[in-house]
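Quick notes on the structure that follows.
The values are calculated or read from the model by the stated rules, or taken from the named source; none is laboratory data. Everything numeric in this text was worked out from a predicted model, so none of it was measured. Cβ placement follows ideal geometry from the backbone for every residue including glycine, while neighbour counts extend to all protein chains displayed. Surface accessibility is based on the protein's heavy atoms, side chains included, excluding ligands, DNA and RNA. Shrake-Rupley method; radii C 1.70, N 1.55, O 1.52, S 1.80 Å.
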Amino acid sequence: MPQSTLHYWLEGGERRGRSYKPVLRAESRSGRSVTWAEFVEAGLLREYRRTHGVPMVELRAFIDLLREKFDVPYPLADRRPYVAGRKLVLEAQAVAGLDPDYCLVAVVGDQLLLTPPSAAFVERVTWDGDVAAGWRPASDPQSPVRILPDVRFGKPSVKGISTEVVWEQDDAGLDVEEIAGMYQLDVPDVRWALAYELSQRANASRAA
């Protein structure tokens, strides 16, 4: 996502003469560092903003309510709202005036179920209890590519091997079997890593 967008979500700012609070943080703070939980929440917000165009004023109010109800600084990076706390999420959606198209949970029959966007988000996260411990950056659920905060400094990797390194070896002329042998990966792992890197480069080219 554009650096300016992420900065606005993290720090807030002034637009059209009005001051706005941060979205991903309770309060703004100086510095360029981003916490792991902020990174995970940004992934969900990016999907809603880019794909669905949900108004940010609604999301900001909704997230503030979730912070209060669950007493956690980053409620969207916590598993409880999606599992045991769906009733509280439903209440927060109503109070914030969140459009039904952008809700995290919905009433289906007599049950509270995750909506497709929030279900897809939950499936992309590797959970350690209620904490988000990893993230699948690729949309394909079969992809083994993961972003883990304590592996390769948070760079996308497959079984601990950076996808960027795999791409560099391919770019140098090695075939997938050679790369797999070099890093003790399976051939499908190498192909997934290359597919991910190719998609990232294609997206960067379109954005340029």
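Quick notes on this structure:
- When residues of segment 148-163 are limited to those that are in contact with a strand residue (DSSP E or B) (Cβ under 7 Å, 6 or more places away or on another chain) and free of Cβ contacts under 8 Å to residues at least 60 places away in the same chain, the one surrounded by the fewest Cβ atoms within 10 Å (Cβ to Cβ): Lys155
- Note on segment 159-208: residues that are within 16 Å of Pro144 (Cβ to Cβ) and of a type in the set (A, V, I, L, M, F, W, C) amount to 15.
- The combined condition, being in contact with a helix residue (DSSP H, G or I) (Cβ under 7 Å, 6 or more places away or on another chain) and either open to solvent by 30 Å² or more (accessible area, probe 1.4 Å) or modelled with pLDDT of 90 or more (or both), is not fulfilled by Arg86.
- Out of Tyr102, Tyr48, sole residue that is modelled with pLDDT under 80, touching a helix residue (DSSP H, G or I) at 6+ places or on another chain (Cβ under 9 Å) and either of a type in the set (Gly, Ala, Ser) or open to solvent by 20 Å² or more (accessible area, probe 1.4 Å) (or both): Tyr102
- For segment 69-83, a residue qualifies if it is without any contact (Cβ under 8 Å) to a residue 24 or more places away in the chain, in a helix (DSSP H, G or I) and surrounded by fewer than 21 Cβ atoms within 10 Å (Cβ to Cβ), and the qualifying residues are Lys69, Phe70.
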